[in-house]
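Written below as structure tokens is the structure these notes are about.
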Amino acid sequence: MVKVLVFGATGFVGFSVAQALARSGHETFGLYRKVEKTKELARNEIFPVLGDTDDVSTWVSTAEKVDVIIDTTSPFNDPLKHIKIILDAVFKIGKKRMENNEPKLTFIYTSGTWVYGGHPYNIKYESTPLNTDVKLSIWRPSIEQTIVESKFIDGIIIRPGGVYGKNGSLPALWFEGAIKGELCGIGSKDVRWGLVHIDDLADSYVRAVERADLIGGQIFNVINNQSESMGDMLDAVARITEYKGDVKYKSPTSEYEEAMASTGIYSNKKAQTILGWNQRQLGFVDGINTWWNSYKAYTQ
């Protein structure tokens, strides 16, 4: 049994990660901000820690007694300031443990595949040099490097693809658009995404936690075996929702939309080989009936 603290434990990714850890027998603590979520965490055998990552005093006492800290947060406002607050506290805890000859603290950071850049149709491996032109992720490569090179912690980076399943995440925008009568993609139908189902993603964190002593300093792409085109995905959404209008595409108008309009193809071989991770869920298009049914249950 490993003691784990999950930041963002009621978020789309964080809640699934915390659930997966608890179900795997690990003592799991979840940091969350909304008091009304307390019972939901406790019902799932996750110890609730009410607080905010930006307020270290609300979580540092819990962090000092766990083996692993996982950050699944992704704030839109000043994300660099946010992660620096976290890392400053995490490094202090790690340094203190080293000075006391205690087991090393593991810190698992959730990044993303938009950090790569380069030619969109070249397969990206964890060893591929980072040269992103996606403004939303310009700041991430230096943070990744700081984490994996720190001598005070065992730093591990998870780079998920676009996440789908349950209440939807990114594809939820398409379901919502179809319901409202305007199904619209960003860029063009030829844009290709690397995706991963939320449960498959959560499984990768469990595997990383259970191998933490062996994989410090490593980075993993966690992504489906095949990329999917925006055209195919939106056509599947139109079909399953019985959308009658035209599927439209628009040029990006924000940094977030610019990221969505970028093509990327990635390898998951390292995660398969070292973590023993494999895609279990169907891809977005092939499993569209399941994802739509789940989305409706969450939102309607």
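The values are calculated or read from the model by the stated rules, or taken from the named source; none is laboratory data. Just so it is clear, the model here is predicted, and its values are computed rather than measured. Here the Cβ is made from the backbone with ideal geometry for all residues, glycine too, and neighbour counts use every protein chain on show. SASA here: full protein model, heavy atoms, side chains in, ligands and nucleic acids out. Shrake-Rupley method; radii C 1.70, N 1.55, O 1.52, S 1.80 Å.
Computed values, structure above
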quantity	calculated
Greater than 26 Å apart at Cα, pairs in 34/166; 81/135; 37/248; 81/270	37/248; 81/270
Paramagnetic reach from residue 142 (point 7 Å along Cα→Cβ, amide N under 19 Å) across segment 40-80	75-80
CD proxy at 222 nm, helix term only [per DSSP H run n ≥ 4: -39500 (n - 2.57); per residue of the chain; nearest 500]	-10500 deg cm²/dmol
Heavy atoms of residue 52 accessible to a 1.4 Å probe, total area in Å² rounded to 10	50 Å²
Whole-number accessible area per residue in Å² for the chain, which is evaluated in the context of all protein chains at 1.4 Å	47 Å²
Cα-based helix-to-principal-axis angle, 288-299 vs the chain, degrees rounded to 10	70 degrees
Mean Cα-pair separation over length for the chain, i.e. relative contact order, pairs under 8 Å, 6 or more apart, %	18 percent
For the chain, alpha-carbon Rg relative to the globular expectation (2.2 N^0.38 Å, N residues)	1.00
Carbon and sulfur %, accessible surface of segment 1-152 computed with the full protein complex present, 1.4 Å	51 percent
Kirkwood Rh, angstrom, segment 142-233 [1 / mean 1/r, Cα pairs]	15.2 Å
Probe 1.4 Å - accessible area at residue 13, Å² to nearest ten	30 Å²
On Cα atoms only, tilt of 140-149 relative to the major axis of the chain in degrees	30 degrees
Cα-Cα pairs of segment 50-92 separated by more than 12 Å (percent)	61 percent
Unit charges on C-beta of K, R, D, E only; dipole of segment 146-300, Debye	140 debye
Segment 1-105: C-alpha gyration tensor shape, a/c 1.5 cut-off, then a/b vs b/c	oblate
